[in-house]
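The values are calculated or read from the model by the stated rules, or taken from the named source; none is laboratory data. Computed from a predicted model, the values in this text were never measured in an experiment. Note that we place each Cβ from the backbone using ideal geometry, even for glycine, and neighbour counts take in every protein chain shown.
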Amino acid sequence: MREKIKALLSEIEQLKASGIDELEAARIKYLSKKGIISALMDDFRTVPAEQKREIGMQINELKQKAKEKLQLLGEQFDNKGSSYTETDLSRTAYPVPLGTRHPLSIVKEEINDIFKRLGFSIAEGPEVEDDWHVFSSLNFADDHPARDMQDTFFIQNDPQIVLRTHTSSVQTRVMEKTEPPIRIICPGRVYRNEAISYRAHCFFHQVEALYIDKDVSFADLKQALLFFAKEMFGEDTKIRLRPSYFPFTEPSAEMDISCNICGGKGCPFCKHTGWVEILGCGMVDPNVLDNCGIDSKVYSGYALGMGIERITNLKYQVKDLRMFSENDLRFLEQFRSAN
Ligand code: DAH
């Protein structure tokens, strides 16, 4: 009996099947009610009592090996027509509904893709940050209002540890560690201590872009902005830059695009101006470069930052910011076709 089991084991190990029919034949030969293994079980009755335990285990092992082998052979035929396909009888007969991607993810991916086409790669940083990366390294004076308790969430009353209020903190993290040229985009969640309403939330999302190299000029920034606006909102989109102020860029600007809802003619969304603001940008302040160990006499660069909710609103006209975090399926399922 032992010899027989041993011989069958090696036979099964070498088993091959070139088609479903051969596989089925093998199943009948070894595993069916009238198959070899069943017959062995019958013979088992005649095994002397003191050997029953050992032989019993060997037969079980043989049966298991045969099942596994046939299963494996069946997989090469994609289980089509194989009697080893496991059918889940509890599964609904109706089509299983697929989830949808969140509108903010859809837009984030779109922004990432556009910048990736310009050679940018993605960088990430922590949401719980220190004062240096969120403020000091970015040239915020000690008494800058953005550090105010009104705006910033502090961790455990420690004024040095904060929830980042913008993704600009990733800029400095990367600059500290990387030799130029640097060309990164940093998407992520940011936090501000704001009362929640239809137009403000205590957390939202931003994408930051940073390009540092020799001889980077404002013209490079403008070209990247125009490319982005056209890719995101359509070929006819126009941009305009208004002078602005950010501690970490000099000169700084805010960019408007021609209102993509009325095409620039004027509508309630653009407050009848024909323009909507979408991002802040500028040339990286030399102090910021020096703070991060990059020689500002050799290198220059531009940075820009935008709110993903804002861009999503422009694309899909979501009137209430709170919708983005309420997980209401009636809202989320409207983005099915945008996937
Ligand atoms: N960090 C700014 C904010 O949260 C946005 C921003 C403005 C980012 C100008 C930039 C920039 O990189 O150059 O409002």
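General observations
- Complete set of residues in segment 1-41 that are under 50 Å from the mean Cα position of the chain (by Cα) and hydroxyl-bearing (Ser, Thr, Tyr): 10, 18, 30, 32
- Extreme residue, surrounded by the most Cβ atoms within 10 Å (Cβ to Cβ), among residues of segment 251-285 that are hydrophobic (A, V, I, L, M, F, W, C) and within 10 Å of the ligand (Cβ to nearest atom): 284
- For residue 314, the requirement of being at negative phi and either surrounded by fewer than 21 Cβ atoms within 10 Å (Cβ to Cβ) or in a helix (DSSP H, G or I) (or both) is met.
- Of everything in segment 158-174 that is outside any helix (DSSP H, G or I) and away from the ligand (no atom under 11 Å from the Cβ), the residue that is surrounded by the most Cβ atoms within 10 Å (Cβ to Cβ) is 162.
- Residues that are more than 23 Å from the chain's Cα centre (by Cα) and within 14 Å of the ligand (Cβ to nearest atom) were ranked within segment 194-222; the one that is farthest from residue 322 (Cα to Cα) is 216.
- Against the criterion of being touching a residue at least 40 places away in the same chain (Cβ under 8 Å) and surrounded by fewer than 20 Cβ atoms within 10 Å (Cβ to Cβ), residue 239 does not qualify.
- When 10, 38 are screened for being modelled with pLDDT under 90 and in the same structural domain as residue 66 (by TED's automatic domain parsing), only 38 passes.
- Test: residue in segment 150-157 that is within 16 Å of the ligand (Cβ to nearest atom), in the same structural domain as residue 288 (by TED's automatic domain parsing), surrounded by 13 or more Cβ atoms within 10 Å (Cβ to Cβ) and in a strand (DSSP E or B): no
- Scanning segment 291-301 for residues that are in contact with a strand residue (DSSP E or B) (Cβ under 7 Å, 6 or more places away or on another chain) and closer than 19 Å to residue 140 by Cβ, we see that the one that is farthest from the ligand (Cβ to nearest atom) is 294.
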